[in-house]
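> Handing you a structure now.
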Protein chains: 2
Amino acid sequence: MPNAFVRKLGLYADLSPEDTEHLTALTKVVRDLGPNEDLIREGDTPENVHLVLNGLAVRHKTTVDGTRQIAALLLPGDFCDLHIAILDTMDHSISTLAPTQVVDIPRKTILDLVNNHPTISNALLSTTLVDEAILREWLVNLGARRSEIRIAHLFCELHARMQAIGLASNGTFSLPITQAQLGEALGLSTVHVNRSLMALKDANLVRKHDRQVEILDLNRLHAFAEFDPTYLHFRKAPDTASKSMRA
Amino acid sequence: MPNAFVRKLGLYADLSPEDTEHLTALTKVVRDLGPNEDLIREGDTPENVHLVLNGLAVRHKTTVDGTRQIAALLLPGDFCDLHIAILDTMDHSISTLAPTQVVDIPRKTILDLVNNHPTISNALLSTTLVDEAILREWLVNLGARRSEIRIAHLFCELHARMQAIGLASNGTFSLPITQAQLGEALGLSTVHVNRSLMALKDANLVRKHDRQVEILDLNRLHAFAEFDPTYLHFRKAPDTASKSMRA
DNA sequence: CGGTGACTTGAGCATCGTCAACATTCGTGG
DNA sequence: CCACGAATGTTGACGATGCTCAAGTCACCG
């Protein structure tokens, strides 16, 4: 079973066995982090690029009055900061939420991939563009949807992304995040997140229990959240990703 | 005087005279659009990539209940959809707000730039990454700032971007957008935009008159909006952009 | 002039935030 | 294994921010 990183890139390009092997080799050396540790801070110009292999991290930015906005949830297989291979300075911070395994990859290695491995390079570019598409959808979420739908939409997205890398089963996936942190991601107060979550549970749509999200009725949740996964740009539909097929 | 496109790329890479000439040649053939015309729609897989040379366009997405969210304001020099050179399908639409001049560039031309003009390629990649940084800042804006500060912050950003391409003078720049459209960009109702704008005017910070934004006190507005232009990643400070200097 | 689109204003209401108290869970050390 | 404390989740009351509806004004243009 390939790791989450290889699985994710495979969603965006037709990797050859050599490509797969090459990528797997890159993720051999893993670093273990605890919860609430900073990977990079705003203003840093790090040597390495970071990749999440396991666990959960967030991209976030803090305003002057101390409000923290989470701008991305980084799941297994996600790059944290591929852009600093091009732009020098970080304009935001990245921290773990849970115990997390990361891989540190030197900028040089990235440049080598870009120059000598066109398929991988293409996949990397795709993931960057999809990150942007996800960000756009989050903006729509904050700007145009009220709290219950907003939360439901986020859960739909996370389910789709987790399922695509093989980390969701039966509508259930791991999400070790507090209600307060959910609020920081969704632009809502903790109390309001709590009330909205209970409403979603009462409506038999989703439930967040412990560190897991359990979707009770996927079709109804998709309809309720107005969820359309097009923006994730998977090559294959997540449902059929297990069977290899050619279009 | 180079056009807005060349000026903008010059903010992100040290273009040689040949690069400049090459880019200028690409923007010879211009297409004129009226206000409220669609450039591309969600679901399209267009042949060409589009570039705004003059005027104003928006990236937007509409939810099921008809609410429209504007996810980006495309100023002169901005690419609309560079990503569809990689990802096939548009997951959002692009429309003009005012009379606008665009350039249609074939995907092949982009690929040629990427393969044969490393400096330009690097600049293009940078602009894409900065687009993402701007999007992140918009997310912070919607998630963590109340209406007056939210509007002020947007005006600060637009001023910085306009000034960087030579389209702001004396704190004043053109912004042919209605209050309703401003609301669509900021996740606010038209009425609330109106009231917030009047409060900003009463505070002698900024005024929107006709199709222009007039900043009355830039320093105070920056402070009020908590504006920090780092996320725009200009190579040189906009203020000193006219003098060439080496770091 | 008449009409259309943009802006302005007021009143009432919905959504969501704040504060404060309380309940529950979980990890830790006794 | 129990006891404790800290972090998280839950609930109620109240207030603020922002939305809706509706009417009216203003500027622009045919």
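> Classify the range B:1-120 from the C-alpha gyration tensor, please: rounded if a/c falls under 1.5, else prolate or oblate depending on whether a/b exceeds b/c.
prolate
> What percentage of the solvent-accessible surface of chain A, computed with a 1.4 Å probe over protein heavy atoms, is contributed by carbon and sulfur atoms?
C and S fraction of accessible area: 48 percent.
> Still on this structure, I have one more. Hey, what number do you get for chain A at 222 nm if only DSSP H runs of n ≥ 4 count, each worth -39500 (n - 2.57), divided across all residues, to the nearest 500?
-13000 deg cm²/dmol
> Taking every pair of alpha-carbon atoms in the range A:120-247, what share in percent sits in each 5 Å bin, from 0 to the bin with the longest distance?
2, 10, 19, 23, 21, 13, 7, 3, 1, 0
> Here is a follow-up. Would you mind finding the longest exposed-site-free stretch of chain B, with exposed GluC sites (Glu not before Pro) meaning DSSP loop and at most 15 other Cβ atoms within 10 Å? Could the numbers behind the result be given before it?
Values: sites that count: B:37, B:47.
Counting only loop sites that pass the neighbour cut-off, the longest clear stretch is B:48-247.
> Evaluated at 25 °C with a viscosity of 0.890 mPa s, what Stokes-Einstein diffusion coefficient in µm²/s does chain A have when Rh comes from the Kirkwood expression over alpha-carbon pairs?
Reported coefficient: 131 µm²/s.
> Same structure again: Placing a label point 7 Å from Cα toward Cβ, how far apart in nm is residue B:24 from its equivalents in the other copies, listed shortest first to one decimal?
5.4
> Sort the range B:31-86 into rounded, prolate or oblate with this rule: let a ≥ b ≥ c be the square roots of the eigenvalues of the Cα gyration tensor; rounded if a/c is under 1.5, and if a/c is not under 1.5, prolate when a/b is larger than b/c, oblate otherwise.
Working: a/c = 1.76, a/b = 1.26, b/c = 1.40.
Oblate, since a/c reaches 1.5 and b/c is not below a/b.
> Another question, if that's okay. Accessible area lost on pairing A with B, both sides, 1.4 Å probe, Å² to nearest 100? Before the final figure, lay out the partial values.
Numbers: alone 12670 and 12700 Å², together 21690 Å².
In total, this chain pair buries about 3700 Å².
> Distances from residue B:216 to the same position in the other copies: list them in nm, one decimal, shortest first, using label points 7 Å from Cα along Cα→Cβ.
Spelled out, the distances from residue B:216's label point are 5.3 nm.
> Still on this structure, please answer the following. Set Lys and Arg Cβ to +1 and Asp and Glu Cβ to -1, take the dipole of the range B:37-106 about its Cα centre, and tell me which of B:72, B:103, B:52 lies farthest positive.
Ranked along the dipole, the leading option is B:72.
> Count neighbours as other Cβ atoms within 10 Å of each site's Cβ, and list the trypsin sites (Lys or Arg not before Pro) in the range B:112-220 that are DSSP loop with at most 10 such neighbours.
B:146
> What's the magnitude of the charge dipole for the range A:18-159 around its Cα centre, counting Lys and Arg as +1 and Asp and Glu as -1 at the beta-carbon? Answer in Debye, nearest 20.
On the way: 12 positive and 21 negative charges, 88 e Å.
Here the size comes out at about 420 debye.
> Something else now. Under the definition of Cα pairs under 8 Å and six or more residues apart, what whole-number percent is the relative contact order of chain B?
21
> For the range B:64-143, what is the Kirkwood hydrodynamic radius in Å, using each pair of distinct C-alpha atoms?
Hydrodynamic radius (Kirkwood, Cα pairs) of the range B:64-143 is 14.6 Å.
> Further question on the same structure: Restricting to Cα pairs below 8 Å that are 6+ residues apart, what does the relative contact order work out to for the range B:1-120? Please round to a whole percent.
37
> Suppose each label sits 7 Å from its Cα in the direction of the beta carbon; what would the residue A:220-residue B:204 distance come out to in nanometres?
Placing both labels 7 Å along Cα→Cβ, they lie 5.9 nm apart.
> State the Cα centre-to-centre distance between the range A:27-73 and the range A:102-148 in whole Å.
Spelled out, the Cα-based centre of one part sits 15 Å from the other.
> Take the Cα atoms of the protein assembly as shown, build their convex hull, and give its volume per residue in Å³.
In the protein assembly as shown, the Cα hull volume divided by residue count equals 148 Å³.
> Please give the solvent-accessible surface of residue B:38 in Å², to the nearest 10, using a probe radius of 1.4 Å with every protein chain present.
For residue B:38, solvent-accessible area is about 70 Å².
> Compute, for the protein assembly as shown, the length of the dipole vector about the Cα centre, with Cβ point charges of +1 (Lys, Arg) and -1 (Asp, Glu) only. Units Debye, rounded to 20.
For this selection, approximately 760 debye.
> With +1 on each Lys and Arg Cβ and -1 on each Asp and Glu Cβ, and nothing else charged, work out how big the dipole of chain B is about its Cα centre, in Debye to the nearest 20.
680
The values are calculated or read from the model by the stated rules, or taken from the named source; none is laboratory data. All values derive from a computational prediction rather than experimental measurement. Ideal geometry is used to build each Cβ from the backbone, glycine not excepted, and the neighbour counts take in all protein chains shown. The accessibility values were calculated without ligands, DNA or RNA, using every heavy atom of the protein model including side chains. Shrake-Rupley method; radii C 1.70, N 1.55, O 1.52, S 1.80 Å.
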